[in-house]
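What follows is a single structure, written as structure tokens, with notes after it.
The values are calculated or read from the model by the stated rules, or taken from the named source; none is laboratory data. These figures come from a predicted structure and were not determined experimentally. No Cβ is skipped: glycine too gets one built from the backbone with ideal geometry, and neighbour counts run over all protein chains shown. We work out accessible area using only protein heavy atoms, side chains counted, and drop any ligands, DNA or RNA first. Shrake-Rupley method; radii C 1.70, N 1.55, O 1.52, S 1.80 Å.
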Amino acid sequence: MSLMTEITIFVLAVFVGFEVISKVPTTLHTPLMSQTNAIHGIVMLGGLIVVGFANDRVEYVIGTIAIAFGAINIVGGFMVTDRMLGMFSRKPRPKAEADAKKGAG
Amino acid sequence: MIEAVLKPGGDAATALYIVAFSLFIIGIKQGTHPTTAKRGNLIAAAGMAVAVVTTLLLDGMGNWGLIVLGLGIGTAIGVIASIRVQMTEMPQMVALYNGVGGGAVALIAWSEIRHGISLGEDFPLDSLIPVIFAGIVGSVSFWGSNIAFAKLQDLIPTRPIAAPGQQVINAVLLLAIIVISVVLAVDHESPSQGLFILLLVLAAILGNLVVLPIGGADMPVVISLLNAFTGLSAAAAGFALDNVALIVAGTLVGSSGTILTMEMATAMNRSVSNILFSGFGGAPSGGGGGSTEERPHVSIGAQDAAIKLAYADSVVIVPGYGLAVAQAQHAIKEVADELEKRGVTVNYAIHPVAGRMPGHMNVLLAEADVPYENLKEMEEINPEMPRTDVAVVVGANDVTNPAAKNDPDSPIAGMPIIEVNEAQQVIVIKRSLSPGFAGIDNDLFYEPNTSMLFADAKAAAAEIAAEIGNL
């Protein structure tokens, strides 16, 4: 991929990111943060590639630690977000939901 | 072992990475409403699974033992930590995850440099520069997040820790980092690994020094900012590795962190640089702090508070971080339940910086089973205040101080507040009349329609709930 293609992708992603994330209500900012944090764990791919193609001891060590760090980030992040969001969605109140629907319609 | 292999950088692999980042975007989009957010999180997690599996299927991947080892250790720690963490501890958990993410980026950058050097060829600038950037930002984020974690976990004092001349030291460090980066880039035919490691170390020191002087009350801004940093470092790693999934995902995280940082700073009416470099959030800012003489105020007990609340039509509860510290969210929910049984409308007014990270108070109240429809944002609740019979302030202080609106000379002038002083009556549950973190007196406490209930938030709330039940 050429550098300019990558910059194009980056700039478009900035706009998409601002557009989507500015719509998340304050109520959900903590789960948003832990979810984006989990998404950030995608750097683990870098660790996988390092280890997968490494043939030197230092790279084995660095890469394996990077994979472990990334996995903590991904697994912990998505699971804790799930736990938090479960608190927001449990025991829905029928009355309040009906009100919300009325408001939307 | 695995039959289907994908060519690294090939169309099939790239297509799968595109699927992965699309799922991230859809997942975040679903996060705009509490009822769909849980599904959104699963969609984003599925995107991550696609990205990881795609990478594992790349042609030429080896060292499976080490990969399984790293994945196993990380998954085990992640699972245990996410099950055990208390909701009040969420800010430090996020700081910790953020830190390991930044650390991973720094390590990957280091091995990319090693790898490039071992090839013995000219290091192309369009991958060397992102690698240098990823290394610096990753290292700053790792150490900065660890300090933030230690402060939030009370492992080190939350008050600002600063040495004299700290600004100068930071500036010198930053300059050194820039100079070394330039030297590395100029020398791209054979960059020195030693210099790169020095760069990581200097960035680590800078990360420590920047976060250490920041007070506990400013943590929401710091955590958001570190989140933005790690996002950018991941995007930079994507440039270095020619990986679209990393570029897009990192940029999304960077955008999210940036938006949250700006929102937090606006809610505190301070600029980000002021928060980072002033060491506020702890020391009383001089000036008007001299008026220590006792001003007249009304003090009441739990029984009086219960009567005021029980005979109201509408009540707004204004929780602050003090409520979280006292673990009073469940007791407050009991008060609300008792009131609702009597037909009183109860809502919660959440200031954007209530808690120690963006949206923290909402999570704490959700944990106590408060329905999210009752959690009102500041802009939404302020117009309702004049029609509110009783506003109850629990563990909040500066965010309710009318001086922010009325006194242009106040240190917090212009800070958006929850206008409880507009309500018919105000009950403030607080241990004493002591000032909040801004170090200034709260005029609210001395207004004629304000009653002070001096007590621990949890004990007071439990007592009020019991008294209302007895009425």
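Quick check on chain B: helices-only [θ] at 222 nm, where DSSP H runs of length 4 and up contribute -39,500 (n - 2.57) each and the sum goes over total residues. Nearest 500, please. Spell out each step's value before the answer.
Details: 17 runs with 273 residues, N = 471.
Result for chain B, helices only: -19000 deg cm²/dmol.
Could you tell me which of the pairs B:405/B:430; A:23/B:308; B:38/B:151 are separated by over 27 angstrom between their Cα atoms in the structure shown? It would help to have the intermediate numbers written out before the result.
On the way: B:405/B:430 22 Å; A:23/B:308 38 Å; B:38/B:151 30 Å.
From B:405/B:430; A:23/B:308; B:38/B:151, over 27 Å: A:23/B:308; B:38/B:151.
Return the ratio Rg/(2.2 N^0.38 Å) for chain B, where Rg is computed over Cα atoms only.
On the way: Rg = 25.7 Å, N = 471, 2.2 N^0.38 = 22.8 Å.
Normalised Cα radius of gyration, chain B: 1.13.
Calculate, for residue B:201 and residue B:413, the FRET efficiency according to 1/(1 + (r/R0)^6) with r their C-beta to C-beta distance and R0 56 Å; round to the nearest 0.05.
Numbers: r = 42 Å, r/R0 = 0.76.
The calculated FRET efficiency here is 0.85.
What is the extension gain from residue B:174 to residue B:295, computed as 0.36 nm multiplied by their sequence separation minus the C-alpha to C-alpha distance, in nm to one decimal? Provide the component values of the computation, followed by the final result.
Details: separation 121, 0.36 × 121 = 43.56 nm, distance 4.84 nm.
Length gained between residue B:174 and residue B:295: 38.7 nm.
At q = 0.09, 0.10, 0.21 Å⁻¹, what base-10 log of I(q)/I(0) does the Debye formula yield for segment B:1-134 when every alpha carbon is treated as an equal point scatterer in vacuo?
With one equal scatterer per Cα and no solvent, log10 I(q)/I(0) is -0.38, -0.48, -1.48.
Distance in nm between label sites at residue B:470 and residue B:307, each 7 Å beyond Cα in the beta-carbon direction?
Spacing of the two 7 Å Cα→Cβ label points: 1.3 nm.
Specify the inter-centroid distance of segment B:353-421 and segment A:62-92, based on alpha-carbon positions, in whole Å.
If you average the Cα positions of each part, the centres end up 30 Å apart.
Grab the beta carbon distance between residue B:154 and residue B:80, set R0 = 30 Å, and tell me the FRET efficiency rounded to 0.05.
Numbers: r = 21 Å, r/R0 = 0.70.
In this case the efficiency is close to 0.90.
Sorted from largest down, what three extents in whole angstroms do the Cα atoms of the protein assembly as shown have along their principal axes?
Over the protein assembly as shown, Cα extents along the principal axes are 80, 56, 36 Å.
What value in Å³ per residue do you get for the convex hull of the alpha-carbon atoms in segment B:360-409?
On the way: hull volume 5.7 nm³, N = 50.
So the per-residue Cα hull volume is 115 Å³.
With the Cα gyration tensor of segment A:2-98 in hand, give its eigenvalues times 5 under a square root as the equivalent ellipsoid semi-axes, listed largest first in whole angstrom. Working shown, then result.
Values: eigenvalues 244, 91, 12 Å².
Three semi-axes, in Å: 35, 21, 8.
Where Lys and Arg each count +1 and Asp and Glu each count -1, what net charge lies around residue B:397 among other residues with Cβ under 13 Å from its Cβ? Display every interim value, and only then the final one.
Working: positive: B:430, B:431; negative: B:398, B:441, B:443.
In short, -1.
Enter the angle in degrees (range 0 to 90, nearest 10) between the Cα long axis of helix B:166-186 and the first principal axis of the Cα atoms of chain B, meaning the one along which they spread out most.
30
What are the extents of the Cα atoms of segment A:48-88 along their three principal axes, listed from largest to smallest and rounded to whole Å?
Result for segment A:48-88: principal-axis Cα extents of 48, 13, 5 Å.
Starting from the Cα-Cα distance between residue B:117 and residue B:405, subtract it from 0.36 nm times their residue separation and give me the gain in nm to one decimal. Show your work: numbers first, answer last.
On the way: separation 288, 0.36 × 288 = 103.68 nm, distance 5.97 nm.
Going from the current span to full extension adds 97.7 nm.
When Rg is the radius of gyration of the Cα atoms in segment B:57-149 and Rh is its Kirkwood radius, what does Rg/Rh come to?
Working: Rg = 16.5 Å, Rh = 15.4 Å.
Ratio of gyration radius to Kirkwood radius: 1.07.
Any chance you could check the Cα centroid distance between segment B:81-128 and segment B:291-340 for me, in angstrom?
Their Cα centres are 45 Å away from one another.
Quick one: length gained pulling residue B:327 to residue B:7 fully straight, 0.36 nm per residue minus the C-alpha distance?
Values: separation 320, 0.36 × 320 = 115.20 nm, distance 5.35 nm.
Between residue B:327 and residue B:7, full extension yields an extra 109.8 nm.
With 10 Å bins from zero, work out the P(r) of segment B:108-250 over every alpha carbon pair and list the percent per bin.
Over segment B:108-250, the share of Cα pairs per 10 Å bin runs 12, 38, 31, 15, 3 percent.
Rounded to the nearest 100 Å², what's the accessible area chains A and B bury against each other, both chains counted, probe 1.4 Å? Intermediate results must be reported in sequence, preceding the final value.
Details: alone 8600 and 22420 Å², together 22780 Å².
Summing both chains' loss of accessible area gives about 8200 Å².
Averaged over B:92-98, how many beta carbons belonging to a partner chain fall within 10 Å of each residue's beta carbon? Present the calculation step by step, with values, prior to reporting the outcome.
On the way: counts 0, 5, 9, 1, 4, 14, 7.
The mean count of partner-chain Cβ atoms within 10 Å per residue comes to 6.
Leaving out ligands and nucleic acids, and using a 1.4 Å probe, what accessible area per residue does segment A:5-84 come to in Å²? Working shown, then result.
Working: 2420 Å² over 80 residues.
For segment A:5-84, the solvent-accessible area averages 30 Å² per residue.
If you take the charge dipole of the protein assembly as shown about its Cα centre, with +1 on Lys and Arg Cβ and -1 on Asp and Glu Cβ, which of B:199, B:322, B:408 is farthest toward its positive end?
Going by the Cα projections, it comes out as B:322.
For chain B, what does the relative contact order come out to in percent, with C-alpha contacts under 8 Å and a separation of six or more?
Numbers: 811 pairs, mean separation 64.2, N = 471.
Reported relative contact order: 14 percent.
Averaged across A:10-16, how many Cβ atoms of other chains sit within 10 Å of each residue's Cβ atom?
Details: counts 10, 1, 2, 13, 6, 2, 8.
That works out to 6 on average.
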